[in-house]
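The values are calculated or read from the model by the stated rules, or taken from the named source; none is laboratory data. What you are looking at is a predicted structure, and each value in this text was computed from that prediction instead of being measured. Cβ coordinates were reconstructed from backbone atoms using ideal geometry, including for glycine residues, and neighbour counts include every protein chain displayed.
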Amino acid sequence: MSKAALVEKIAEQANLTKVEADRAVKAFINVVSASLKNGEDVALVGFGTFTIVDRAERPGRNPLTGEAITIAAKKVVKFKPGKTLKDEIAV
């Protein structure tokens, strides 16, 4: 689903204009991004938890040349779905 489609669905379900729904989606993204940058997890009970995890340096290969390379360590965002979301999807 694209951001535009998400905004449209939120506007529909929450009785908002598309402009208001777009503002809400952008605010949500900004708050989650800022929280993760500050090292805070974002837990939405029933939906899931966004966290930052450290990915260790690891060996890899350049797909064009086949040459062995080292992929640098970095921080990545991880999402762990909550029980309610898991149960919804399993149906």
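Quick notes on this one:
Residue-wise test of (1) in the same structural domain as Lys83 (by TED's automatic domain parsing); (2) over 23 Å from Glu88 (Cβ atoms).
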| residue | (1), (2) |
| --- | --- |
| Thr17 | no, yes |
| Glu20 | no, yes |
| Val32 | no, no |
| Thr51 | yes, no |
| Arg55 | yes, yes |
| Pro59 | yes, yes |
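- Just one of the listed residues (Leu6, Leu16) is under 21 Å from Gly82 (Cβ atoms) and either in a loop (DSSP other than H, G, I, E, B) or of a type outside the set (S, T, N, Q) (or both), namely Leu6.
- A count restricted to segment 70-91 and to residues that are surrounded by 11 or more Cβ atoms within 10 Å (Cβ to Cβ) and over 20 Å from the mean Cα position of the chain (by Cα) stands at 1.
- Residues of segment 1-10 include none that is in the same structural domain as Thr84 (by TED's automatic domain parsing), surrounded by 11 or more Cβ atoms within 10 Å (Cβ to Cβ), modelled with pLDDT of 95 or more and touching an Asp or Glu at 6+ places or on another chain (Cβ under 7 Å).
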